[in-house]
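Values in this text are rule-based calculations from the coordinates and carry no lab data. Remember, it's a predicted structure, so these values are computed and weren't measured experimentally. As a convention, Cβ positions derive from the backbone with ideal geometry for all residues, glycine included, and neighbour counts pool all protein chains shown.
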Amino acid sequence: MQVQVVKSKIHRVRVTEADLNYIGSITIDEDLMEGANIIEGEKVQIVNINNGERLETYTIKGPRGSGEICLNGPAARKVAVNDIIIIISYGIMDFEEAKSFKPTLIFPDETTNKLK
């Protein structure tokens, strides 16, 4: 049997931009993506702490060290600049493997979106 488990999480970052006129996705500072073990194009779930919205999209690398967190396209309607969000990715693995799997969790500074 295969199960879906949390693979990576960027816990509580601040939205810096919302660009409705972009094709779609979330742009994330490359330092945060690397720290959380998330790759460009990976499917992620976004959970908005401020309004309870949940959505799925894919990732795009933002400039390294910029602290950028930008929701693009239709997802821009689900956030406001300065909202606090959690970014989660999931992996599918064998049930036995999942029992001992440890996800990569990072907790950046909410004000700067930089790794502590």
Which of Met93, Met33 has the fewest Cβ neighbours within 10 Å, and the rest in rising order: Met93, Met33
Using all alpha carbons of the stretch 2-106, what is the percent of pairwise distances in each 5 Å bin, ordered from the shortest bin to the longest? 3, 14, 24, 25, 17, 9, 6, 3, 0
Give me the net charge of Asp29's neighbourhood, meaning all other residues with Cβ under 13 Å from the Cβ of Asp29; Lys, Arg count +1, Asp, Glu -1. -3
Out of Glu42, Glu30, Glu68, a Gaussian network model of the chain with alpha-carbon springs under 10 Å gives the largest mean-square fluctuation to Glu42
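Using the count of nearby Cβ atoms within 10 Å as a rough guide to exposure, how do Asp19, Asp29 rank from fewest to most? List each step's numbers first, then the result.
Values: Asp19 15, Asp29 25.
In order of increasing Cβ crowding within 10 Å: Asp19, Asp29.
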At a Cα cut-off below 24 Å, give the lysines reachable from Lys116, other chains included and same-chain residues fewer than 8 away excluded. Lys7, Lys9, Lys61, Lys102
